[in-house]
Each structure stands twice: as C-alpha cells, then as structure tokens.
Amino acid sequence: MLVLVGPELGRHGTVLHTFLATGLPPIMGDRVQLQQVLLNLLLNAAEAVRDVPPERRRVVVRSTLEQREDGPWAVVAVEDAGVGFREEQTARLFEAFYTTKPDGLGMGLSISRSIIDGHRGRLWATANPGHGATFQFALPPMR
C-alpha cells in the first residue's frame, strides 16, 4: 500500500516516513480488506495535510508489537500533522455518514472499523497534541 500511495503523496509535497517493526506475529485476515483499511487511513492522512504549511506535510506509518493478556498483537498507526479533529468529534468519527470533510461521504472510517471488528481487532483515533491525528488498528495473533 505504501508503494501505491507514496507517489500520490509526493505529488502534493507530502513526505512519507515509515517505521516498521520486524518480528510481528502472524495474523489471520483478508488481505484485500486490510489493504482497504490501510489505504483509507493513508488517503485520509494525505488529504488532511494537503493544505497545511509545507513543513507539516508529512505522514508517518508505524507498526509495533503490543503485548496483551492474550499474547502479542500487531498494531499499525497512521499519523499526520494535518487539520486534525476536535476532541468532541472523537466519538462520532466512525459513525456511518459522519464526516469532517466538506465533500466527504462519511463511509470510509465506518467501513474500516467494520473490517477491523470483523478481524477481531480494534480501530481508534487520537487527536495529536498540536496538529493532526493518529489512527491506529490492532490485530490479534493467529490462533
């Protein structure tokens, strides 16, 4: 997905940084659906930074290992320094037809959450201190 989205980010002067962990646990999932989630988060981040000053036009993708009671989970985060969202919007971000974009449909995050829920995972968002937002999803290990 990074190879697919990288050129689009570059056309708008956005820098893509990746910090990908090695040794993540294998997960069981539908590759196409999970790619759709990552693509949606990347495109949302790209749009969020499109009209900010050039020094803030960056998207960071991280993968990490999170230890939980039931074992190690794979966590993917997409962070931007864009327009972000207000704290009071957090609860509604994943509702169908709710959008913070002038021309958005409000379906991308709702569909993404359904996909992650269907994989027994979790998808959430955090407003970054200062600017932007971080969207993360965690997926359980294969059993």
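The set of residues in the stretch 28-59 that are within 18 Å of residue 112 (Cβ to Cβ) and part of a strand (DSSP E or B) contains only 59. May I ask you to verify whether residue 51 is farther than 15 Å from residue 122 by Cα, surrounded by fewer than 14 Cβ atoms within 10 Å (Cβ to Cβ), more than 14 Å from the chain's Cα centre (by Cα) and modelled with pLDDT under 95? Here the answer is yes, as residue 51 does meet what is asked. Take the conditions (1) acidic (Asp, Glu); (2) modelled with pLDDT of 95 or more; (3) surrounded by fewer than 19 Cβ atoms within 10 Å (Cβ to Cβ); residue 79 misses just one of them, which is (3). Reported count of residues in the stretch 14-27, each being exposed (fewer than 11 other Cβ atoms within 10 Å of the Cβ) and assigned to a loop (DSSP other than H, G, I, E, B), is 3.
Among the residues of the stretch 54-72, write down those that are more than 24 Å from residue 16 (Cα to Cα) and either surrounded by 14 or more Cβ atoms within 10 Å (Cβ to Cβ) or touching a Lys or Arg at 6+ places or on another chain (Cβ under 7 Å) (or both). Please lay out each step first, then the result.
First pass over the stretch 54-72, keeping only residues more than 24 Å from residue 16 (Cα to Cα): 67-72.
Passing the criteria: only 72.
Restricting 99, 126 to those that are of a type in the set (Ser, Thr, Tyr), more than 24 Å from residue 75 (Cβ to Cβ) and at pLDDT below 95 reduces the list to 99. Those residues that are farther than 20 Å from residue 34 by Cβ and in a strand (DSSP E or B), I need them from the stretch 103-132; list them, please. Of everything in the stretch 103-132, those that are farther than 20 Å from residue 34 by Cβ and in a strand (DSSP E or B) turn out to be 126, 127.
The values are calculated or read from the model by the stated rules, or taken from the named source; none is laboratory data. Keep in mind it's a predicted model, so treat the numbers as computed, not measured. Cβ coordinates were reconstructed from backbone atoms using ideal geometry, including for glycine residues, and neighbour counts include every protein chain displayed.
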